[in-house]
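Below is one structure; the comments refer to it alone.
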Amino acid sequence: MLVNRRRSAFTLIEVLIVVIIMAVLAATIIPQFSSSTTDAKNSSLKFNLHTVRSQIELYKANHNGKYPTLANFKKQMTEKTDINGTQTGELLYGPYIQGEVPANPFNGSNTLVAVATPGQVPTAVVAGGAGWQYDESNGGFYPNNTEFFNQ
C-alpha cells in the first residue's frame, strides 16, 4: 500500500515573491521614519532655542541689562544669583533653567562655545563638539550643528 505524502512547503518562487514585497515595503517605509526623526529633532531644537533665549532675556531684565557670561553661563542660568550675577550676597534672581542647560538634540551636547565673530549671527559650526554657540555681547544663543546651518 502506497501512501501519497505531499509536502506542504513554500516553493522557491513563492519565497522570492514574499522577499521582494518586503523589500518594496521597507524601501517606502524606512525613509519616512528617518524624516520623522529629523522632524522631531528640529522641533526639539526650536523649543530649546525659544526657551533658553527667553530665559536669557529674563536674566538680562533682572541684572541691569547684562547678559550671562560665557564662563559662568551654567551657574548664572541654573542657580540663584544676586543683581551682579554672582552666587554671593542677596540671591534674589533665578534659577532661569531647572537642572542643566538643554542638550542640542542633533549632537547630544549641552556645552557652550563662543561664537566665531561676536555681534554677528554665526554661519558655521565652531569646532570642538559643543552643543551651542553663545555670544555674551548680545545674548545670542545658537545651535552648533551642521543641520542648523544647512537649512
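The values are calculated or read from the model by the stated rules, or taken from the named source; none is laboratory data. It should be emphasised that the depicted structure is a prediction, and the values quoted were computed from it without experimental measurement. Methodologically, a virtual Cβ is constructed for each residue, glycine included, from the backbone with ideal geometry; neighbour enumeration extends over all protein chains shown. Surface accessibility is based on the protein's heavy atoms, side chains included, excluding ligands, DNA and RNA. Shrake-Rupley method; radii C 1.70, N 1.55, O 1.52, S 1.80 Å.
Quick look at the values:
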{"item": "Positive minus negative residues near GLU147 (Lys, Arg vs Asp, Glu; Cβ under 13 Å)", "result": "+1"}
{"item": "Loop-resident sites, region 49-151, for trypsin sites (Lys or Arg not before Pro), counting at most 16 other Cβ within 10 Å (DSSP)", "result": "LYS66, LYS80"}
{"item": "Set of region 88-107 residues, backbone N closer than 15 Å to the point 7 Å along the Cα-Cβ line of THR37", "result": "105-107"}
{"item": "Tilt relative to the chain, helix 12-62 - C-alpha long axis, 0 to 90 degrees, to 10", "result": "10 degrees"}
{"item": "Potential extension, ASN138-ASN150 segment - 0.36 nm per residue separation minus Cα distance", "result": "1.9 nm"}
{"item": "Chain lengthening between LYS74 and ALA27 when straightened (0.36 nm per residue, less Cα-Cα)", "result": "12.5 nm"}
{"item": "Separation between Cα centres of region 80-151 and region 10-47, rounded to whole Å", "result": "36 Å"}
{"item": "Label point at SER44 placed 7 Å out along Cα→Cβ; residues across region 113-128 whose backbone nitrogen lies under 11 Å", "result": "none"}
{"item": "Probe 1.4 Å, protein heavy atoms only - accessible area per residue of the chain in square angstrom", "result": "67 Å²"}
{"item": "Accessible surface of the chain [probe 1.4 Å, protein heavy atoms]: carbon and sulfur percent", "result": "60 percent"}
{"item": "For the chain, alpha-carbon Rg relative to the globular expectation (2.2 N^0.38 Å, N residues)", "result": "1.81"}
{"item": "Candidate lysines - alpha carbon under 27 Å from LYS66, same-chain residues fewer than 8 apart omitted", "result": "LYS46, LYS74, LYS75, LYS80"}
